[in-house]
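Report on the structure given below.
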Amino acid sequence: MTDTDLDAAGRAASAATPPTPPTPSTSPTPSTSPIPSTPSAPSTPSASSTPSAPLLHVEELGVSFARPGGGRRIRVLDDVELTVRPGEIVGVVGETGSGKTTLARAIAGLTTPDGGRVLLDDRDIARLRGRARRRFRRGGTIQFVFQDPLRSLDPELTVGASVGEGLAIAGVGSRAQRAERVAGALRQVGLDPAVADRLPAQLSGGQRQRASIARAVVADPRLLLCDEPVSALDASNRNHILLLLDELRRRLALGIVVISHDLSSLAGIADRVVVLYRGRVVEAGPIADVFTRPRHPYTALLIASAPDIHGRDRLAAAQLRSQRPDDDATARWAGGCVFAHRCRFATDVCAQTPPSQDAAGRPAGDWTVACHHTDTWRNQTAATATPTTATPTTAVTARKESSA
């Protein structure tokens with residue numbers, strides 16, 4: 001089951017009575033300018049330095065879909081755990097079909113889970129039904145930023161109408177008050193309020209994505225779910241949008257979940273990362289630790305396959321790929337670790353028993369790994385590993401210099 005684009009999910013509604021968003025003290029910035037300030041070094045993340053109570057806690061979440069024509073349901077997510085604190089960016093990575101977008105849909109209530117809990121401020125929003133769910137969605141607490149702004153923005157509405165549509169549906173304030181709210185949201189994302197009178201087709205790709213983010217923050221949300229927010233942009237606009245998300249989470253104390261396949265982008269802004277494979281969390285922890293020295297073979301394979309963010313003890317992809325024939329996968333490995341059929345280091349215990357999420361050299365829950373051989377698999381590659389001094393922060397350092 002491949003991840004699907006969330007653009008068809010519709011535009012999220014705004015808060016019923018949110019306060020007017022703060023307006024930057026500077027004059028309105030041109031639509032092509034970068035955000036007012038750049039984030040601090042990722043080695044000192046804001047959220048993890050002063051731990052706070054979780055804003056979002058996903059607990060043992062499971063999701064399955066019916067097969068066409070009936071039969072056994074397809075398990076897409078299985079016992080997924082995820083925690084996001086105010087002011088924290090958590091990245092969710094994994095290849096296509098790992099369940100990343102399904103996880104975001106389940107958090108927002110667009111997909112009904114089979115089990116588990118989605119706690120937002122200790123309230124299980126996964127159990128909301130009917131009128132209670134509709135009220136929650138209109139409350140604007142959770143907002144989406146979609147992958148392709150050209151598809152998620154109505155081409156026949158002006159930018160101002162799109163950004164303020166949720167406010168109008170919820171009946172917030174007068175027309176003049178809503179217009180002021182829209183102008184303030186556009187300023188927050190680095191756009192001149194004059195673009196409110198333009199159509200999406202009259203904006204650049206970066207400007208359209210900024211408008212999409214403005215449509216989200218105008219509702220005064222607590223949590224943003226960003227599904228591949230920069231994959232449709234060129235490199236220059238991608239850098240600015242990433243820096244904008246980092247600035248907004250600090251300024252507004254937003255919790256942000258960023259779904260991405262671009263590991264170097266996450267390395268620049270995220271505090272923690274969750275690695276999904278076939279609907280299961282195989283590794284989760286502080287992003288600098290996970291990307292510098294991954295403890296799960298699948299995480300190591302993802303990093304080895306990416307050109308920009310190899311850790312200090314670089315492992316080549318060839319050292320990590322399984323040499324077993326593909327037809328061995330379903331016959332031998334169906335009941336154990338989900339990655340066993342592709343793992344070079346899998347043994348009989350991997351085939352028989354799913355691994356639990358165990359702490360890996362950090363306080364319990366801070367860095368977890370689901371692997372039977374967390375402490376031993378790397379020894380089998382040590383003799384051929386190629387050392388390097390590159391770190392996960394290399395990419396963002398270059399990005400900051402290029403955007404300065």
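The values are calculated or read from the model by the stated rules, or taken from the named source; none is laboratory data. These figures come from a predicted structure and were not determined experimentally. Because the Cβ atoms are built from the backbone with ideal geometry, glycine has one as well, and the counts that use them run over all protein chains shown.
General remarks:
- Only one entry of L252, L302 meets the criterion of being at pLDDT 85 or above, crowded, with 22+ Cβ neighbours inside 10 Å and not aromatic (F, W, Y), and that entry is L302.
- Listed conditions (1) under 16 Å from the mean Cα position of the chain (by Cα); (2) surrounded by fewer than 24 Cβ atoms within 10 Å (Cβ to Cβ) are all met by H240, apart from (1).
- Test: residue in region 100-111 that is touching a strand residue (DSSP E or B) at 6+ places or on another chain (Cβ under 6 Å) and more than 23 Å from P221 (Cβ to Cβ): no
- Residues that are surrounded by 21 or more Cβ atoms within 10 Å (Cβ to Cβ), under 12 Å from the mean Cα position of the chain (by Cα) and not aliphatic (A, V, I, L, M) occur in region 255-263; there is at least one.
- Look at (1) part of a loop (DSSP other than H, G, I, E, B); (2) among the aliphatic types (A, V, I, L, M); (3) under 22 Å from I259 (Cα atoms) and you find that A216 fails only one, number (1).
- Note on region 78-116: among residues that are aliphatic (A, V, I, L, M), buried (at least 24 other Cβ atoms within 10 Å of the Cβ) and farther than 12 Å from V58 by Cα, the one that is nearest to the chain's Cα centre (by Cα) is V92.
- Within the option set T347, T374, T393, being crowded, with 17+ Cβ neighbours inside 10 Å, of a type in the set (S, T, Y) and modelled with pLDDT of 50 or more holds for one residue only, T374.
- Elements of type helices (runs of 4 or more DSSP H) contained in region 72-166, each with 3 or more residues being farther than 29 Å from P294 by Cβ: 130-139, 149-152
- A235 being assigned by TED's automatic domain parsing to the domain that holds H57, farther than 26 Å from R138 by Cβ and free of Cβ contacts under 8 Å to residues at least 12 places away in the same chain: yes
- Looking only at residues of region 112-155 that are in contact with a strand residue (DSSP E or B) (Cβ under 9 Å, 6 or more places away or on another chain) and of a type in the set (D, E), we find that the one that is nearest to Q207 (Cα to Cα) is D121.
- Candidates are the residues of region 162-179 that are in contact (Cβ under 8 Å) with a residue 24 or more places away in the chain and buried (at least 16 other Cβ atoms within 10 Å of the Cβ); the one that is nearest to E247 (Cα to Cα) is V163.
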